[in-house]
Amino acid sequence: GSLVLLAGLRSAGAPVRGMPGRLLMVWSGALIVAAIIPTTPIGQDLDVAAQIHRYASVAAFVSLPAAGALLVPRLTAHAAWKPVARAVEWVALAGGFGLLAITYVALPGEGVLIGLVERLLLAAEVSLLAVLAGWLAWLTWRPSVAKAANFPAYHRFIAS
């Protein structure tokens with residue numbers, strides 16, 4: 001879905017070219033790798049596959065808030081995307097705080113409540129995608145909705 005969203009953003013003329021687009025590609029690719037390669041259950045030693053899964057997850061968790069942070073000034077400068085820039089900024093900020101929290105929990109926190117922190121971070125990151133997808137849908141379907149609503153009324157049709 002993230003790859004389709006990136007293609008849609010590019011086709012709609014959203015300012016995602018360059019590093020934000022590359023980071024969205026990293027997010028998408030890392031999610032695919034993490035979904036394909038399994039991890040080991042808690043308490044077991046990490047094998048090679050589990051380490052690949054872990055580093056792919058780290059790449060995904062880091063790349064999306066970074067892409068959001070890089071998108072904010074571009075969205076602000078783009079007239080069609082300016083209304084959504086503040087929401088992207090707040091969700092990217094939440095993702096950044098989530099990265100700080102997961103780093104603390106994973107390193108000095110010894111993994112206590114790491115599942116909860118991962119899910120909260122994932123919620124912030126999916127919210128970023130939802131904001132972009134929602135605004136893309138609004139920009140894409142708004143002209144067709146306006147055209148569909150612009151039909152002659154019954155009384156106007158009879159009068160003509």
Quiz item: Looking at the range 32-43, is at least one residue part of a helix (DSSP H, G or I), at pLDDT 95 or above, over 16 Å from L132 (Cβ atoms) and open to solvent by less than 80 Å² (accessible area, probe 1.4 Å)?
Solution: yes
Self-check item: Output for the range 9-31, where each listed residue is open to solvent by 20 Å² or more (accessible area, probe 1.4 Å) and in a helix (DSSP H, G or I)
Solution: R10, S11, M19, R22, L23, M25, V26, G29, L31
Quiz item: What is the residue count in the range 1-60 for residues that are in contact with a Lys or Arg (Cβ under 9 Å, 6 or more places away or on another chain) and charged (D, E, K, R)?
Solution: 2
Quiz item: Taking the range 68-86 as the region of interest, how many residues are within 14 Å of the chain's Cα centre (by Cα) and closer than 16 Å to G18 by Cα?
Solution: 5
Exercise. Residues being open to solvent by 40 Å² or more (accessible area, probe 1.4 Å) and of a type in the set (V, I, T): count how many of those fall in the range 114-143.
Key: 3
Quiz item: Within the set of pairs 6 or more residues apart or between chains, which connect a residue that is at positive phi inside the range 95-117 to a residue that is surrounded by fewer than 14 Cβ atoms within 10 Å (Cβ to Cβ) with Cβ atoms less than 9 Å apart?
Solution: G111/I42
Quiz item: Just wondering, is there one or more residues in the range 51-63 that are free of Cβ contacts under 8 Å to residues at least 12 places away in the same chain, among the aromatic types (F, W, Y) and open to solvent by 30 Å² or more (accessible area, probe 1.4 Å)?
Solution: yes
Quiz item: Do the conditions hold for L93, that is, is it more than 10 Å from A124 (Cα to Cα), open to solvent by 50 Å² or more (accessible area, probe 1.4 Å) and of a type in the set (A, V, I, L, M)?
Solution: no
Quiz item: Failed condition for G98, given (1) within 24 Å of I114 (Cα to Cα); (2) more than 16 Å from the chain's Cα centre (by Cα), with all others met?
Solution: (2)
Quiz item: Residue check: is I102 among the aliphatic types (A, V, I, L, M) and either surrounded by 14 or more Cβ atoms within 10 Å (Cβ to Cβ) or modelled with pLDDT of 95 or more (or both)?
Solution: yes
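The values are calculated or read from the model by the stated rules, or taken from the named source; none is laboratory data. A quick note: this is a predicted structure, and the numbers were derived from the prediction, not measured. Using ideal geometry, Cβ is built from the backbone for each residue, glycine included, and neighbour counts are taken over all protein chains shown. For the accessible areas, the whole protein counts, side chains as well, though only heavy atoms, and no ligand, DNA or RNA atoms are used. Shrake-Rupley method; radii C 1.70, N 1.55, O 1.52, S 1.80 Å.
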